[in-house]
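A.B. asks: One structure, as structure tokens, below. Some questions next.
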Protein chains: 4
Amino acid sequence: MTTPRALAIVAGLGPGISYGLAQKFATAYDLILLARSTNTLDPLISKLKSDPAIKYLKSVPTIVGIPTDVTSIESLSATVARVREMGRPVTLAVYNVSSGFKRSPFLEIDLKDIENGFKSGGFGGAVFAKAVLPLLLDSVGKVTWESGERVNPTLLYTGATASFKANPGMSAFAMGKWSLRALSQSLAREFGPQGVHVATVNIDAIVDLERSKSILADVEDGKLKPAEVAETYWDLHRQGRSSWTWEVDVRPWVEKW
Amino acid sequence: MTTPRALAIVAGLGPGISYGLAQKFATAYDLILLARSTNTLDPLISKLKSDPAIKYLKSVPTIVGIPTDVTSIESLSATVARVREMGRPVTLAVYNVSSGFKRSPFLEIDLKDIENGFKSGGFGGAVFAKAVLPLLLDSVGKVTWESGERVNPTLLYTGATASFKANPGMSAFAMGKWSLRALSQSLAREFGPQGVHVATVNIDAIVDLERSKSILADVEDGKLKPAEVAETYWDLHRQGRSSWTWEVDVRPWVEKW
Amino acid sequence: MTTPRALAIVAGLGPGISYGLAQKFATAYDLILLARSTNTLDPLISKLKSDPAIKYLKSVPTIVGIPTDVTSIESLSATVARVREMGRPVTLAVYNVSSGFKRSPFLEIDLKDIENGFKSGGFGGAVFAKAVLPLLLDSVGKVTWESGERVNPTLLYTGATASFKANPGMSAFAMGKWSLRALSQSLAREFGPQGVHVATVNIDAIVDLERSKSILADVEDGKLKPAEVAETYWDLHRQGRSSWTWEVDVRPWVEKW
Amino acid sequence: MTTPRALAIVAGLGPGISYGLAQKFATAYDLILLARSTNTLDPLISKLKSDPAIKYLKSVPTIVGIPTDVTSIESLSATVARVREMGRPVTLAVYNVSSGFKRSPFLEIDLKDIENGFKSGGFGGAVFAKAVLPLLLDSVGKVTWESGERVNPTLLYTGATASFKANPGMSAFAMGKWSLRALSQSLAREFGPQGVHVATVNIDAIVDLERSKSILADVEDGKLKPAEVAETYWDLHRQGRSSWTWEVDVRPWVEKW
């Protein structure tokens, strides 16, 4: 818990990592969850509200879903305006947006896919940063943990294997992810000295989801569990400002890399 | 000289590196030079034609300028159609396009600048690749050097310090350049086994130009000379296919890095 | 706390990071602390025992210092034999050993310094791994946290800026640190699938110590605090095995990098 | 050809890359070739002398083999003393020494193998640098090519895949190679501004040798040919000092990476 009770924003709500982030952040924060449509938001927010990890918390969090196109500055600005109206500090914001990807021969990739890879990659990450950094900067030095220690406002990005390796047939996705990693590094260097911690988590793994059920089905913990990786996002947020991390990689114990 | 006499395409003609490339490539190739407007092309092509390095060549090259927006697939396709009509193999293509950049606080960067950074970075690089790869693939195994050795069709990209390091205030430029590096790596892995060599030259330097004259004015060879770096592009093109490089860095001897 | 109560080994006890590690690990572990001589060990262990962070713990830990030359397999083997006699699982081991370094022109560096850089870098790290990995492997699946979750045996290495960047005049130190990073990556890939988590923390900072007092004296949290970075080592140890990190960087918020 | 006729030193003569280097360098240099024993040197030097690539040169080079343990400063100093007596400038020196490597489980690797990996890796590279850098520094600005351009004294290192990736079971080899890469980077930064070009070629390939004959036997140019990679070493040596490369990767066109 923070004092005053602050808000965490997660962009890109879905059934995977972001769901795990919401579960974890709810232990200390009220949540603003963003996805493109209420069709995505509503069932997941219902699920979160009835999730035992959340509903039995001593202090049950407020969870607000706001349909937002995070690649549109207009849409995000409207969302941020609503958040500002809540009159509460924002000290955690996560950009967890991904285009899907398929491996295909370069000459068959549509230029639209390349534009979309960038849109949900570096560009969306930049639009999100433009919208939330003013909120995070406003909260520097103003919020504390129960222990009395300062809460360091934090902006986190989710990367992938394709953030540092560009495999054949993966250029559309990799271009987006490399550009996001560049953004995150540039922001970390600029906003660290202003008190905002910017960091990246590169997911070098298959995420354990309903739809990935059949993959590695017989390897215990062979896929990345959202609840486990959420701890790492949280750890980054909790780091003291004398010792901030910019980048971590995560992968299951059995992963070849 | 190649047999049959082949074409080299340089996208992004200007007074710097690309001018050096044209000088060097002219020793063996006829040249197709692309820039957005004839205002850029015409004076540079005149200068090239009267350049002693070119006009005294035993075999004076044909130099053709085609105004092209290399970030537009329509514009590039029209250019490629013109090149195809020339009925000559294309075995070398260089994407040497850059947005300008200025260092500015992230919150003051216009989203348009971020889009433009990508447009002339990874996106333009991909549009160019889509246009020229079919030409390069068509030439695999069909052209030889005077020595009888095979000419390996080659696609080269120009990177920058900002291709691997994202400094504060440089996100728009760095996002474009990182995405271009990702593209280049993905293409190298896909098209190498098809006989097309894809490589990147990262310029970690100030280029020696009229407009950079006052910088490091008293350090001999302290700025990168287009004619010298052109040798490195050429060396990459000449590598035998048992020993291809994907990436090289270049910087002046005195550079701190 | 773990069940059964397990042991953590820290090699390279000193007044800096390792002291912070001991403080943190003591909250759940009994400690085996290694340094070359009792002159180093005794005062630090006394200090730890009277440290309020430790002496008021509900369960006061046993802290054992064993003089050990961690670059000697004989010395380390004797130490490991003593640890085995204690009949307790070992689930955490940290190699936090560094040669000192001074920047000097390469031609003035003594070859002895280069040997020593490697000795306390990759070589010492390998000797330590050879000694402790059998202990860690023996503990896989046998120890749980209070919550009932499995404790994943963990081998951690401390790196530095010089683990990924080799500055002029720093070759002796950098060669040792790069080789240690290589070791850590190779071990992570081999022992992950055997249940032992191997990870590296690269300290890109000046550590906040008595002897660095005068540096950055006026910047709050401008130097890395051992107690803060210790949280990151701990976080790595606590990661669930579906989501393990190999490498993290840490630096103060104000650091230029 | 250089004026005055200068010497090139190649350490680690064998039937592979270094043989290709000797062939290439002989077109412009007299050669000093080093290997541990005359058993290695004599047959290779005989072969070089009768090699058509060499014996039909307009200016047949002098080729001198000197048995040298390049990991011993005493042995190398004696060799350098002999070279100095020849009264000729040295403007090219290559360290192309490798321990053999075998992949084996870490706990079965002998510490001797780890020491040897470093000995022929970073340590040997440093001993070699200490011996030859004074010779190279002495030649700065004193030797020209036939064209009149300055010859830039150059120190080249041969790296491997294991210079940037540490696979399981490969720690002994990788530690040596990573430390060599660190050395090379530190030296490049220190000696570049003194006029000596230091660079590294990372061989990410199987070399085409008698003993690798059966591997990839049916893929044309599927293994790296010494004569082809030698061109890349030469290209690095020929770079003008306004545009020096520190590092290149090389691999066959069909290589998966």
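A.B. asks: Taking H placed 1.01 Å from N in the peptide plane, check which residues at least 5 places from residue B:30 or on another chain put their amide H under 5 Å from its amide H.
C.D. replies: Under 5 Å from the amide H of residue B:30 lie the amide H atoms of B:6, B:8, each far enough along the sequence or on another chain.
A.B. asks: Exceeding 18 Å between C-alpha atoms, which entries from my cross-link table qualify? They are C:55/C:213; B:24/B:225; B:24/B:256; D:102/D:165.
C.D. replies: Over 18 Å apart, Cα to Cα: C:55/C:213; B:24/B:256.
A.B. asks: If you take the Cα Rg of segment A:2-250 and divide it by 2.2 N^0.38 Å, with N the number of residues, what do you get?
C.D. replies: 0.98
A.B. asks: Measuring with a 1.4 Å probe in the full set of protein chains, what accessible area per residue, in whole Å², belongs to chain C?
C.D. replies: 37 Å²
A.B. asks: Okay, next question. Taking H placed 1.01 Å from N in the peptide plane, check which residues at least 5 places from residue D:91 or on another chain put their amide H under 5 Å from its amide H.
C.D. replies: D:7
A.B. asks: Order the following by accessible area, largest value first: B:103, C:36, D:189. Probe radius 1.4 Å; ligands, DNA and RNA are ignored.
C.D. replies: The residues order as C:36, B:103, D:189, largest area first.
A.B. asks: Any idea what the residue C:57 label distances to the other copies are, label 7 Å down the Cα→Cβ vector, nm, shortest first?
C.D. replies: Ordered by distance, the counterparts are at 3.0, 6.9, 7.5 nm.
A.B. asks: What is the mean number of Cβ atoms from other protein chains located within 10 Å of the Cβ atom of each residue in peptide C:188-198, rounded to a whole number?
C.D. replies: Average per residue, whole number: 5.
A.B. asks: Between residue D:220 and residue D:102, how high is the FRET efficiency from 1/(1 + (r/R0)^6) when r is the Cβ-Cβ distance and R₀ = 22 Å? Nearest 0.05.
C.D. replies: After rounding to 0.05, the efficiency reads 0.15.
A.B. asks: Let me know the mean shielding of D:210-223 by other chains, meaning the per-residue number of their Cβ atoms within 10 Å of its Cβ.
C.D. replies: Counting other chains' Cβ atoms within 10 Å and averaging over D:210-223 gives 1.
A.B. asks: So for chain C, averaging the separation of alpha carbon pairs under 8 Å that are six or more residues apart and normalising by length, what relative contact order in percent results?
C.D. replies: Reported relative contact order: 21 percent.
A.B. asks: Quick one: Kirkwood hydrodynamic radius for the protein assembly as shown, alpha-carbon pairs, angstrom, one decimal?
C.D. replies: It works out to 30.3 Å.
A.B. asks: Output the 0 to 90 degree angle, nearest 10, between the alpha-carbon long axis of helix C:73-85 and the longest principal axis computed from the alpha carbons of chain C.
C.D. replies: Helix C:73-85 sits roughly 20 degrees off the main axis of chain C.
A.B. asks: Taking amide H atoms as placed 1.01 Å from N in the peptide plane, list the residues 5 or more away in sequence, or in a different chain, whose amide H sits under 5 Å from that of residue D:244.
C.D. replies: Long-range HN contacts for residue D:244: B:251, B:253.
A.B. asks: List the accessible area buried at the contact between C and A, summed over both sides and calculated with a 1.4 Å probe, in Å² to the nearest 100.
C.D. replies: Approximately 2900 Å² gets buried when C meets A.
A.B. asks: If you line up the long axis of helix B:124-138 against the longest principal axis of chain B, both from Cα atoms, how many degrees apart are they, to the nearest 10?
C.D. replies: On a 0 to 90 degree scale, this one is about 20.
A.B. asks: How far is it, in nm, from the label point at residue D:39 to the one at residue D:147 when both lie 7 Å from their Cα along the line to the Cβ?
C.D. replies: For residue D:39 paired with residue D:147, the spin-label model returns 4.5 nm.
A.B. asks: Please name the residues of segment A:224-244 whose accessible area, counted over protein heavy atoms with a 1.4 angstrom probe, falls by no less than 10 Å² between the chain alone and the full protein assembly.
C.D. replies: A:224, A:228, A:232, A:235, A:239, A:240, A:241, A:242, A:243, A:244
A.B. asks: Going by a ≥ b ≥ c, the root eigenvalues of the Cα gyration tensor, does segment D:127-255 fall in the rounded group (a/c under 1.5), the prolate group (a/b larger than b/c) or the oblate group?
C.D. replies: It comes out oblate by the Cα gyration axes.
A.B. asks: Rounded to a whole number, what % of the accessible area of segment A:2-250 do carbon and sulfur atoms account for, probe 1.4 Å?
C.D. replies: 52 percent
A.B. asks: Give the distance, in whole Å, between the Cα centre of segment A:153-215 and the Cα centre of segment B:1-17.
C.D. replies: 37 Å
A.B. asks: With unit charges on the beta carbon (Lys/Arg positive, Asp/Glu negative), name the residue among A:143, A:71, A:97 whose Cα is farthest towards the positive pole of the charge dipole of segment A:2-250.
C.D. replies: Sorting the options by dipole projection puts first A:143.
A.B. asks: Can I ask one more? Shielding of B:161-167 by partners, i.e. mean partner chain Cβ atoms within 10 Å per residue?
C.D. replies: Per residue, the number of nearby Cβ atoms from other chains is 4 on average.
A.B. asks: Moving to a separate point now. From the phi of every residue in segment A:174-182, what ³J(HN,Hα) in whole Hz does the Karplus formula 6.51 cos²θ - 1.76 cosθ + 1.60 yield, where θ is phi - 60° and glycine or proline is x?
C.D. replies: Calculated HN-Hα couplings, in order: 5, 4, x, 6, 4, 5, 5, 5, 4 Hz.
A.B. asks: Another question, if that's okay. Using helices alone, I'd like the mean residue ellipticity at 222 nm for the protein assembly as shown: each DSSP H run of four-plus residues gives -39500 (n - 2.57), total over residue count, nearest 500.
C.D. replies: Calculated mean residue ellipticity at 222 nm is -11500 deg cm²/dmol.
The values are calculated or read from the model by the stated rules, or taken from the named source; none is laboratory data. Predicted model, so just to flag it, every value in this text is computed and none were measured. Cβ atoms come from the backbone with ideal geometry, glycine included; neighbour counts cover every protein chain shown. To get the accessible areas, we keep the full protein, side chains included, count just its heavy atoms, and leave off ligands, DNA and RNA. Shrake-Rupley method; radii C 1.70, N 1.55, O 1.52, S 1.80 Å.
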